[in-house]
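The values are calculated or read from the model by the stated rules, or taken from the named source; none is laboratory data. Just so you know, these numbers come straight off a predicted model, no measurement behind them. Cβ atoms come from the backbone with ideal geometry, glycine included; neighbour counts cover every protein chain shown.
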(Lines give C-alpha, C1' and ligand atoms only; values in the text may rest on other atoms or scores of the structure.)
Protein backbone atom coordinates (compact mmCIF):
# COMPACT_ATOMS: atom_id res chain seq x y z
CA UNK A 1 0.00 0.00 0.00
CA UNK A 2 1.38 3.42 -0.92
CA UNK A 3 0.75 6.79 0.68
CA UNK A 4 -1.26 7.90 -2.37
CA UNK A 5 -3.97 5.29 -1.96
CA UNK A 6 -7.43 6.63 -1.29
CA UNK A 7 -9.18 6.62 2.06
CA UNK A 8 -11.66 4.14 0.61
CA UNK A 9 -8.94 1.60 -0.11
CA UNK A 10 -7.46 2.08 3.37
CA UNK A 11 -10.88 1.62 4.93
CA UNK A 12 -11.48 -1.51 2.83
CA UNK A 13 -8.19 -3.02 3.95
CA UNK A 14 -9.04 -2.07 7.51
CA UNK A 15 -12.33 -3.96 7.31
CA UNK A 16 -10.52 -6.97 5.84
CA UNK A 17 -7.94 -6.79 8.62
CA UNK A 18 -10.58 -6.76 11.37
CA UNK A 19 -12.64 -9.53 9.78
CA UNK A 20 -9.63 -11.77 9.28
CA UNK A 21 -8.40 -11.02 12.80
CA UNK A 22 -11.84 -12.03 14.12
CA UNK A 23 -11.82 -15.17 11.99
CA UNK A 24 -8.51 -16.26 13.49
CA UNK A 25 -9.59 -15.54 17.06
CA UNK A 26 -9.31 -18.56 19.33
CA UNK A 27 -8.11 -20.67 16.40
CA UNK A 28 -6.16 -22.86 18.78
CA UNK A 29 -7.15 -26.44 18.08
CA UNK A 30 -5.04 -29.47 18.86
CA UNK A 31 -4.96 -31.69 15.74
CA UNK A 32 -5.96 -35.17 16.78
CA UNK A 33 -5.48 -38.53 15.10
CA UNK A 34 -8.01 -41.23 15.89
CA UNK A 35 -6.84 -44.80 15.87
CA UNK A 36 -8.56 -47.85 17.38
CA UNK A 37 -11.40 -45.61 18.60
CA UNK A 38 -8.94 -43.69 20.83
CA UNK A 39 -7.87 -40.08 20.59
CA UNK A 40 -4.08 -39.69 20.35
CA UNK A 41 -2.08 -36.48 20.22
CA UNK A 42 0.61 -36.52 17.55
CA UNK A 43 4.22 -35.56 18.07
CA UNK A 44 3.67 -32.43 15.97
CA UNK A 45 0.85 -31.35 18.29
CA UNK A 46 3.06 -31.69 21.37
CA UNK A 47 5.78 -29.63 19.71
CA UNK A 48 3.18 -27.02 18.79
CA UNK A 49 2.00 -26.79 22.40
CA UNK A 50 5.60 -26.42 23.58
CA UNK A 51 6.01 -23.55 21.15
CA UNK A 52 2.97 -21.85 22.64
CA UNK A 53 4.43 -22.33 26.13
CA UNK A 54 7.68 -20.70 25.05
CA UNK A 55 5.79 -17.56 24.11
CA UNK A 56 5.27 -16.89 27.81
CA UNK A 57 8.99 -16.10 28.01
CA UNK A 58 9.39 -14.52 24.55
CA UNK A 59 11.07 -17.77 23.42
CA UNK A 60 10.03 -17.75 19.77
CA UNK A 61 11.65 -18.21 16.39
CA UNK A 62 11.77 -14.68 14.92
CA UNK A 63 11.36 -15.96 11.37
CA UNK A 64 8.11 -17.71 12.34
CA UNK A 65 6.69 -14.49 13.78
CA UNK A 66 7.47 -12.14 10.88
CA UNK A 67 4.49 -11.21 8.70
CA UNK A 68 3.96 -8.81 5.84
CA UNK A 69 0.35 -7.83 6.54
CA UNK A 70 -1.45 -7.19 9.87
CA UNK A 71 -4.25 -9.67 9.18
CA UNK A 72 -1.69 -12.49 9.01
CA UNK A 73 -0.67 -12.02 12.66
CA UNK A 74 -2.16 -14.73 14.93
CA UNK A 75 -3.79 -13.90 18.24
CA UNK A 76 -0.87 -15.04 20.39
CA UNK A 77 -2.61 -13.96 23.58
CA UNK A 78 -5.23 -16.65 23.01
CA UNK A 79 -2.60 -19.29 22.22
CA UNK A 80 -0.96 -19.02 25.65
CA UNK A 81 -4.05 -19.26 27.88
CA UNK A 82 -3.92 -23.04 28.22
CA UNK A 83 -0.21 -23.29 29.16
CA UNK A 84 -0.59 -20.27 31.42
CA UNK A 85 -3.51 -21.83 33.30
CA UNK A 86 -1.38 -24.94 33.76
CA UNK A 87 1.31 -22.70 35.28
CA UNK A 88 -1.28 -21.29 37.69
CA UNK A 89 -2.12 -24.82 38.86
CA UNK A 90 1.58 -25.63 39.39
CA UNK A 91 2.06 -22.37 41.29
CA UNK A 92 -0.70 -23.24 43.74
CA UNK A 93 0.68 -26.75 44.22
CA UNK A 94 4.02 -25.20 45.21
CA UNK A 95 2.27 -22.69 47.50
CA UNK A 96 0.35 -25.55 49.12
CA UNK A 97 3.64 -27.31 49.95
CA UNK A 98 4.82 -24.02 51.47
CA UNK A 99 1.66 -23.92 53.64
CA UNK A 100 0.37 -20.81 51.87
CA UNK A 101 -3.40 -20.51 52.08
CA UNK A 102 -5.35 -20.51 48.82
CA UNK A 103 -7.84 -17.64 48.66
CA UNK A 104 -10.66 -18.56 46.31
CA UNK A 105 -12.22 -15.09 46.47
CA UNK A 106 -9.09 -13.29 45.28
CA UNK A 107 -8.32 -15.88 42.59
CA UNK A 108 -11.82 -15.81 41.12
CA UNK A 109 -11.83 -12.00 41.17
CA UNK A 110 -8.60 -11.89 39.14
CA UNK A 111 -9.97 -14.38 36.61
CA UNK A 112 -13.23 -12.41 36.46
CA UNK A 113 -11.29 -9.30 35.45
CA UNK A 114 -9.65 -11.36 32.70
CA UNK A 115 -13.05 -12.36 31.32
CA UNK A 116 -14.25 -8.75 31.40
CA UNK A 117 -11.14 -7.57 29.58
CA UNK A 118 -11.28 -10.34 26.97
CA UNK A 119 -14.95 -9.61 26.32
CA UNK A 120 -14.14 -5.94 25.77
CA UNK A 121 -11.08 -6.77 23.68
CA UNK A 122 -13.08 -8.99 21.36
CA UNK A 123 -15.97 -6.56 21.01
CA UNK A 124 -13.59 -3.89 19.65
CA UNK A 125 -11.12 -6.35 18.12
CA UNK A 126 -8.41 -4.53 16.17
CA UNK A 127 -10.07 -1.10 16.39
CA UNK A 128 -7.21 0.43 18.37
CA UNK A 129 -4.79 -0.55 15.58
CA UNK A 130 -6.64 1.58 13.02
CA UNK A 131 -4.90 4.83 14.01
CA UNK A 132 -1.52 3.07 13.93
CA UNK A 133 -2.12 1.72 10.42
CA UNK A 134 -3.31 5.09 9.08
CA UNK A 135 -0.29 6.93 10.54
CA UNK A 136 2.08 4.32 9.13
CA UNK A 137 0.52 4.49 5.66
CA UNK A 138 0.44 8.28 5.47
CA UNK A 139 3.11 9.69 7.77
CA UNK A 140 5.95 7.19 8.14
CA UNK A 141 9.49 8.55 7.92
CA UNK A 142 11.33 5.33 7.07
CA UNK A 143 10.51 2.11 5.27
CA UNK A 144 11.98 -0.66 7.38
CA UNK A 145 11.83 -3.98 5.49
CA UNK A 146 9.07 -6.18 6.85
CA UNK A 147 11.06 -9.40 6.26
CA UNK A 148 14.20 -8.29 8.12
CA UNK A 149 15.45 -9.76 11.40
CA UNK A 150 16.76 -6.31 12.29
CA UNK A 151 13.24 -4.87 11.97
CA UNK A 152 11.99 -7.63 14.30
CA UNK A 153 14.66 -6.81 16.92
CA UNK A 154 14.22 -3.02 16.64
CA UNK A 155 10.47 -3.44 17.13
CA UNK A 156 10.93 -5.65 20.21
CA UNK A 157 13.12 -3.00 21.87
CA UNK A 158 10.95 -0.10 20.66
CA UNK A 159 7.71 -1.61 21.98
CA UNK A 160 9.30 -2.32 25.36
CA UNK A 161 10.69 1.22 25.55
CA UNK A 162 7.23 2.64 24.86
CA UNK A 163 5.70 0.26 27.39
CA UNK A 164 7.99 1.65 30.09
CA UNK A 165 6.63 5.16 29.48
CA UNK A 166 3.07 3.89 29.12
CA UNK A 167 3.34 2.10 32.46
CA UNK A 168 5.02 5.04 34.14
CA UNK A 169 2.30 7.37 32.85
CA UNK A 170 -0.34 5.04 34.31
CA UNK A 171 1.15 5.65 37.75
CA UNK A 172 2.03 9.34 37.42
CA UNK A 173 -1.13 10.68 35.72
CA UNK A 174 -4.18 10.46 37.94
CA UNK A 175 -6.88 9.75 35.36
CA UNK A 176 -4.73 6.94 33.90
CA UNK A 177 -4.13 5.55 37.39
CA UNK A 178 -7.90 5.44 37.87
CA UNK A 179 -7.92 2.67 35.25
CA UNK A 180 -4.59 0.99 36.01
CA UNK A 181 -5.36 0.60 39.73
CA UNK A 182 -7.49 -2.44 38.84
CA UNK A 183 -4.27 -4.35 38.21
CA UNK A 184 -2.94 -3.41 41.66
CA UNK A 185 -6.16 -4.06 43.58
CA UNK A 186 -5.27 -7.60 44.68
CA UNK A 187 -3.72 -8.07 48.11
CA UNK A 188 -2.07 -11.23 46.80
CA UNK A 189 0.75 -11.57 44.29
CA UNK A 190 0.30 -14.62 42.10
CA UNK A 191 0.10 -15.52 38.43
CA UNK A 192 -3.63 -14.81 38.27
CA UNK A 193 -2.94 -11.17 39.19
CA UNK A 194 -1.33 -10.83 35.75
CA UNK A 195 -4.81 -11.33 34.30
CA UNK A 196 -6.39 -8.64 36.48
CA UNK A 197 -6.59 -5.76 34.00
CA UNK A 198 -8.74 -2.70 33.32
CA UNK A 199 -11.33 -2.70 30.54
CA UNK A 200 -10.47 0.85 29.43
CA UNK A 201 -6.74 0.95 30.05
CA UNK A 202 -5.61 -0.19 26.59
CA UNK A 203 -7.64 2.62 25.00
CA UNK A 204 -5.83 5.17 27.15
CA UNK A 205 -2.41 3.60 26.61
CA UNK A 206 -2.49 3.09 22.88
CA UNK A 207 -1.79 6.72 22.02
CA UNK A 208 1.69 6.47 23.53
CA UNK A 209 2.64 3.71 21.09
CA UNK A 210 1.73 5.74 17.99
CA UNK A 211 5.22 7.30 17.49
CA UNK A 212 6.39 3.81 16.51
CA UNK A 213 4.10 4.06 13.47
CA UNK A 214 6.59 6.51 11.95
CA UNK A 215 8.95 3.63 11.13
CA UNK A 216 7.71 0.26 12.49
CA UNK A 217 5.50 -1.85 10.13
CA UNK A 218 2.06 -2.56 11.68
CA UNK A 219 2.46 -6.34 11.48
CA UNK A 220 5.67 -6.19 13.54
CA UNK A 221 4.07 -3.88 16.08
CA UNK A 222 1.05 -6.17 16.55
CA UNK A 223 3.35 -9.17 17.08
CA UNK A 224 5.56 -7.54 19.70
CA UNK A 225 2.76 -5.68 21.44
CA UNK A 226 1.29 -9.10 22.20
CA UNK A 227 4.58 -10.76 23.19
CA UNK A 228 5.49 -7.84 25.46
CA UNK A 229 2.26 -8.25 27.45
CA UNK A 230 2.43 -12.06 27.41
CA UNK A 231 5.94 -12.00 28.93
CA UNK A 232 4.65 -10.01 31.88
CA UNK A 233 2.20 -12.74 32.93
CA UNK A 234 4.80 -15.04 34.49
CA UNK A 235 6.52 -12.35 36.59
CA UNK A 236 3.52 -12.12 38.94
CA UNK A 237 4.58 -14.76 41.46
CA UNK A 238 6.30 -15.21 44.80
CA UNK A 239 7.52 -18.77 44.17
CA UNK A 240 10.47 -17.65 42.01
CA UNK A 241 13.33 -15.97 43.82
CA UNK A 242 16.60 -14.52 42.50
CA UNK A 243 17.48 -15.46 38.90
CA UNK A 244 21.12 -14.38 39.01
CA UNK A 245 22.59 -12.51 36.01
CA UNK A 246 19.16 -12.58 34.33
CA UNK A 247 18.09 -9.94 36.87
CA UNK A 248 20.57 -7.40 35.47
CA UNK A 249 18.78 -6.89 32.16
CA UNK A 250 15.34 -8.48 32.28
CA UNK A 251 12.27 -7.87 34.39
CA UNK A 252 11.73 -10.73 36.82
CA UNK A 253 9.33 -11.69 39.63
CA UNK A 254 11.79 -10.26 42.15
CA UNK A 255 11.75 -6.85 40.44
CA UNK A 256 8.02 -6.88 39.83
CA UNK A 257 7.17 -7.77 43.43
CA UNK A 258 8.57 -4.36 44.36
CA UNK A 259 6.36 -2.69 41.77
CA UNK A 260 3.22 -4.26 43.26
CA UNK A 261 4.11 -3.40 46.83
CA UNK A 262 2.42 -0.54 48.66
CA UNK A 263 5.34 -0.11 51.08
CA UNK A 264 6.65 3.44 50.83
CA UNK A 265 9.91 2.41 49.15
CA UNK A 266 7.97 0.39 46.53
CA UNK A 267 5.68 3.16 45.31
CA UNK A 268 6.14 4.22 41.66
CA UNK A 269 9.13 1.98 40.99
CA UNK A 270 10.18 -0.77 38.52
CA UNK A 271 7.93 0.03 35.56
CA UNK A 272 9.76 -2.15 33.00
CA UNK A 273 7.92 -4.73 30.90
CA UNK A 274 10.46 -7.18 29.47
CA UNK A 275 13.64 -5.18 30.15
CA UNK A 276 14.49 -3.64 33.53
CA UNK A 277 17.24 -1.46 32.00
CA UNK A 278 14.80 1.40 31.38
CA UNK A 279 14.21 1.78 35.12
CA UNK A 280 17.94 1.81 35.72
CA UNK A 281 18.45 4.44 33.01
CA UNK A 282 15.63 6.74 34.14
CA UNK A 283 16.03 6.43 37.91
CA UNK A 284 12.96 4.39 38.85
CA UNK A 285 14.69 1.12 39.79
CA UNK A 286 14.64 -0.20 43.36
CA UNK A 287 15.84 -3.56 44.65
CA UNK A 288 13.67 -5.76 46.83
CA UNK A 289 14.53 -5.39 50.53
CA UNK A 290 15.13 -8.82 51.98
CA UNK A 291 14.30 -7.80 55.57
CA UNK A 292 11.06 -5.94 54.85
CA UNK A 293 7.94 -7.86 53.92
CA UNK A 294 6.20 -6.47 50.86
CA UNK A 295 2.53 -5.59 51.40
CA UNK A 296 0.59 -6.01 48.16
CA UNK A 297 -2.44 -4.12 46.91
CA UNK A 298 -3.54 -0.50 46.87
CA UNK A 299 -2.33 1.88 49.57
CA UNK A 300 -5.98 2.13 50.63
CA UNK A 301 -7.51 -1.30 50.07
CA UNK A 302 -10.61 -1.45 47.86
CA UNK A 303 -12.39 -3.84 50.27
CA UNK A 304 -14.41 -5.61 47.58
CA UNK A 305 -14.37 -8.65 45.31
CA UNK A 306 -16.99 -7.23 42.94
CA UNK A 307 -15.20 -6.96 39.55
CA UNK A 308 -17.42 -4.17 38.21
CA UNK A 309 -16.92 -2.15 41.40
CA UNK A 310 -13.15 -2.59 41.15
CA UNK A 311 -13.27 -1.37 37.56
CA UNK A 312 -15.15 1.82 38.41
CA UNK A 313 -14.82 2.86 42.06
CA UNK A 314 -11.58 4.82 41.68
CA UNK A 315 -12.95 6.84 38.76
CA UNK A 316 -15.76 7.93 41.09
CA UNK A 317 -13.17 8.90 43.71
CA UNK A 318 -11.28 10.90 41.07
CA UNK A 319 -14.39 12.95 40.27
CA UNK A 320 -15.02 13.53 43.97
CA UNK A 321 -11.51 14.90 44.35
CA UNK A 322 -12.03 17.16 41.32
CA UNK A 323 -15.19 18.65 42.85
CA UNK A 324 -13.31 19.44 46.07
CA UNK A 325 -10.84 21.69 44.24
CA UNK A 326 -11.70 25.40 44.31
CA UNK A 327 -9.93 26.62 41.13
CA UNK A 328 -10.06 25.44 37.53
CA UNK A 329 -6.28 24.89 37.39
CA UNK A 330 -6.40 22.77 40.53
CA UNK A 331 -9.19 20.69 39.00
CA UNK A 332 -6.96 20.11 35.94
CA UNK A 333 -4.10 19.30 38.29
CA UNK A 334 -6.12 16.50 39.87
CA UNK A 335 -6.57 14.95 36.41
CA UNK A 336 -3.06 15.35 34.97
CA UNK A 337 -0.82 15.20 38.03
CA UNK A 338 -0.06 12.25 40.28
CA UNK A 339 -2.59 10.47 42.51
CA UNK A 340 -0.86 11.87 45.64
CA UNK A 341 -0.84 15.48 44.45
CA UNK A 342 -2.70 18.31 46.12
CA UNK A 343 -2.22 22.09 45.73
CA UNK A 344 1.08 23.45 46.96
CA UNK A 345 3.27 20.36 46.54
CA UNK A 346 5.23 18.82 43.60
CA UNK A 347 3.42 17.00 40.79
CA UNK A 348 4.01 13.51 42.21
CA UNK A 349 3.46 14.48 45.85
CA UNK A 350 5.86 14.20 48.77
CA UNK A 351 6.76 11.01 50.64
CA UNK A 352 6.04 12.61 54.00
CA UNK A 353 2.38 12.97 53.02
CA UNK A 354 2.05 9.41 51.68
CA UNK A 355 0.76 6.50 53.76
CA UNK A 356 3.53 4.13 54.82
CA UNK A 357 1.86 0.72 54.76
CA UNK A 358 3.80 -1.73 56.93
CA UNK A 359 1.26 -4.44 57.75
CA UNK A 360 -2.49 -4.94 57.62
CA UNK A 361 -5.18 -7.58 57.75
CA UNK A 362 -6.26 -8.69 54.30
CA UNK A 363 -9.86 -8.23 53.24
CA UNK A 364 -11.08 -11.83 53.42
CA UNK A 365 -14.69 -12.66 54.29
CA UNK A 366 -15.81 -16.11 55.38
CA UNK A 367 -18.74 -17.58 53.45
CA UNK A 368 -20.36 -21.02 53.92
CA UNK A 369 -18.77 -23.94 52.11
CA UNK A 370 -21.85 -24.52 49.99
CA UNK A 371 -21.53 -20.99 48.62
CA UNK A 372 -17.87 -21.62 47.72
CA UNK A 373 -18.93 -24.73 45.79
CA UNK A 374 -21.75 -22.75 44.18
CA UNK A 375 -19.31 -20.03 43.10
CA UNK A 376 -16.89 -22.55 41.58
CA UNK A 377 -19.65 -24.22 39.56
CA UNK A 378 -21.10 -20.97 38.23
CA UNK A 379 -17.70 -19.47 37.51
CA UNK A 380 -16.90 -22.56 35.42
CA UNK A 381 -20.18 -21.98 33.58
CA UNK A 382 -19.13 -18.37 32.93
CA UNK A 383 -15.83 -19.57 31.45
CA UNK A 384 -17.67 -22.17 29.36
CA UNK A 385 -20.09 -19.57 27.98
CA UNK A 386 -17.23 -17.12 27.43
CA UNK A 387 -15.37 -19.63 25.24
CA UNK A 388 -18.59 -20.80 23.59
CA UNK A 389 -19.14 -17.34 22.11
CA UNK A 390 -15.97 -17.52 20.05
CA UNK A 391 -16.22 -21.17 19.12
CA UNK A 392 -19.72 -20.79 17.69
CA UNK A 393 -20.28 -17.20 16.61
CA UNK A 394 -16.97 -15.37 17.14
CA UNK A 395 -19.07 -12.19 17.19
CA UNK A 396 -20.41 -10.42 20.27
CA UNK A 397 -22.87 -8.36 18.25
CA UNK A 398 -25.44 -11.14 17.77
CA UNK A 399 -28.46 -11.42 20.07
CA UNK A 400 -27.44 -14.83 21.44
CA UNK A 401 -23.90 -13.67 22.19
CA UNK A 402 -25.24 -10.49 23.76
CA UNK A 403 -27.49 -12.54 26.04
CA UNK A 404 -24.54 -14.70 27.11
CA UNK A 405 -22.34 -11.65 27.75
CA UNK A 406 -25.01 -9.98 29.90
CA UNK A 407 -25.56 -13.21 31.85
CA UNK A 408 -21.80 -13.52 32.40
CA UNK A 409 -21.54 -9.93 33.64
CA UNK A 410 -24.40 -10.51 36.09
CA UNK A 411 -22.87 -13.80 37.22
CA UNK A 412 -19.45 -12.27 37.89
CA UNK A 413 -21.10 -9.40 39.76
CA UNK A 414 -23.17 -11.66 42.01
CA UNK A 415 -20.14 -13.90 42.63
CA UNK A 416 -18.26 -10.82 43.82
CA UNK A 417 -21.20 -9.81 46.01
CA UNK A 418 -21.31 -13.29 47.54
CA UNK A 419 -17.63 -12.99 48.44
CA UNK A 420 -18.39 -9.54 49.90
CA UNK A 421 -21.27 -11.04 51.93
CA UNK A 422 -23.57 -8.41 50.48
CA UNK A 423 -27.21 -8.60 51.54
CA UNK A 424 -28.17 -8.11 47.88
CA UNK A 425 -26.17 -11.09 46.56
CA UNK A 426 -28.84 -13.75 47.09
CA UNK A 427 -31.74 -11.84 45.57
CA UNK A 428 -29.67 -10.77 42.55
CA UNK A 429 -28.51 -14.33 41.94
CA UNK A 430 -32.10 -15.56 42.30
CA UNK A 431 -33.21 -13.03 39.67
CA UNK A 432 -30.31 -13.94 37.37
CA UNK A 433 -31.16 -17.64 37.48
CA UNK A 434 -34.82 -16.82 36.81
CA UNK A 435 -33.90 -14.66 33.79
CA UNK A 436 -31.61 -17.36 32.43
CA UNK A 437 -34.28 -20.05 32.75
CA UNK A 438 -36.89 -17.78 31.16
CA UNK A 439 -34.94 -16.52 28.15
CA UNK A 440 -32.02 -18.87 27.45
CA UNK A 441 -34.10 -21.15 25.21
CA UNK A 442 -35.19 -18.13 23.19
CA UNK A 443 -31.88 -16.36 22.66
CA UNK A 444 -29.25 -19.12 22.61
CA UNK A 445 -28.76 -22.81 22.10
CA UNK A 446 -28.73 -24.42 25.51
CA UNK A 447 -26.99 -27.40 27.00
CA UNK A 448 -29.49 -29.54 28.90
CA UNK A 449 -27.08 -30.24 31.76
CA UNK A 450 -26.41 -26.51 32.20
CA UNK A 451 -30.15 -25.85 32.17
CA UNK A 452 -30.62 -28.37 35.01
CA UNK A 453 -27.80 -26.73 36.96
CA UNK A 454 -29.69 -23.44 36.77
CA UNK A 455 -32.92 -25.14 37.83
CA UNK A 456 -31.16 -26.58 40.88
CA UNK A 457 -29.54 -23.20 41.59
CA UNK A 458 -32.92 -21.50 41.40
CA UNK A 459 -34.33 -24.00 43.90
CA UNK A 460 -31.33 -23.55 46.19
CA UNK A 461 -31.99 -19.82 46.49
CA UNK A 462 -35.69 -20.42 47.19
CA UNK A 463 -34.72 -22.80 50.01
CA UNK A 464 -32.11 -20.32 51.22
CA UNK A 465 -34.68 -17.53 51.41
CA UNK A 466 -37.15 -19.76 53.26
CA UNK A 467 -34.42 -20.78 55.70
CA UNK A 468 -33.44 -17.13 56.21
CA UNK A 469 -37.05 -16.10 56.85
CA UNK A 470 -37.48 -18.99 59.30
CA UNK A 471 -34.24 -18.12 61.13
CA UNK A 472 -35.21 -14.46 61.36
CA UNK A 473 -38.67 -15.39 62.63
CA UNK A 474 -37.18 -17.64 65.33
CA UNK A 475 -34.71 -14.92 66.34
CA UNK A 476 -37.44 -12.28 66.59
CA UNK A 477 -39.70 -14.65 68.53
CA UNK A 478 -36.97 -15.47 71.03
CA UNK A 479 -36.17 -11.79 71.44
CA UNK A 480 -39.82 -10.95 72.10
CA UNK A 481 -40.20 -13.83 74.55
CA UNK A 482 -37.07 -12.73 76.40
CA UNK A 483 -38.37 -9.16 76.50
CA UNK A 484 -41.73 -10.31 77.86
CA UNK A 485 -40.03 -12.42 80.56
CA UNK A 486 -37.88 -9.47 81.60
CA UNK A 487 -40.91 -7.16 81.80
CA UNK A 488 -42.80 -9.78 83.81
CA UNK A 489 -39.91 -10.09 86.31
CA UNK A 490 -39.73 -6.32 86.69
CA UNK A 491 -43.47 -6.17 87.39
CA UNK A 492 -43.11 -8.82 90.11
CA UNK A 493 -40.41 -6.88 91.93
CA UNK A 494 -42.27 -3.63 91.62
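Residues 230, 199, 216: which one is at pLDDT 95 or above and within 20 Å of the chain's Cα centre (by Cα)? Show your work before the answer.
Numbers: 199 fails: at pLDDT 95 or above; 216 fails: within 20 Å of the chain's Cα centre (by Cα).
Unique residue meeting the criteria: 230.
Can you tell me which residues in the range 416-460 are crowded, with 17+ Cβ neighbours inside 10 Å and outside any helix (DSSP H, G or I)?
Within the range 416-460, 420, 422, 444 qualify.
When residues of the range 132-160 are filtered for being crowded, with 18+ Cβ neighbours inside 10 Å and touching a strand residue (DSSP E or B) at 6+ places or on another chain (Cβ under 9 Å), how many remain?
1
Just the residues that are part of a loop (DSSP other than H, G, I, E, B) and modelled with pLDDT under 95, please, taken from the range 27-58. Spell out the reasoning first.
Start the filter on the range 27-58 by keeping residues that are part of a loop (DSSP other than H, G, I, E, B), which leaves 27-31, 36-37, 42, 58.
Result: 27, 28, 29, 30, 31, 36, 37, 42.
Considering only residues that are surrounded by fewer than 18 Cβ atoms within 10 Å (Cβ to Cβ) and modelled with pLDDT of 90 or more, look in the range 72-82 and name the one that is farthest from residue 193 (Cα to Cα).
72
Can you say whether residue 286 is at pLDDT 95 or above and surrounded by fewer than 19 Cβ atoms within 10 Å (Cβ to Cβ), as far as the supplied structure shows?
Against the criterion (at pLDDT 95 or above and surrounded by fewer than 19 Cβ atoms within 10 Å (Cβ to Cβ)), residue 286 qualifies.
For the condition assigned by the TED database to the domain that holds residue 292, farther than 28 Å from residue 94 by Cα and in contact (Cβ under 8 Å) with a residue 24 or more places away in the chain, what is the one hit in 264, 233?
264
Please go through the range 337-367 and pick out each residue that is more than 23 Å from residue 262 (Cβ to Cβ) and out of contact with any helix residue (DSSP H, G or I) (no Cβ under 7 Å at 6 or more places or on another chain).
344, 366
Within 30 Å of residue 115 (Cβ to Cβ) and in contact with a strand residue (DSSP E or B) (Cβ under 6 Å, 6 or more places away or on another chain), is that true of residue 260?
Answer is yes for this residue.
Please go through the range 163-192 and give me each residue that is buried (at least 21 other Cβ atoms within 10 Å of the Cβ) and within 30 Å of residue 64 (Cα to Cα), ordered by number.
163, 164, 166, 167, 191, 192
Condition test on residue 116, is it part of a helix (DSSP H, G or I) and at pLDDT below 95?
So residue 116 passes the test.
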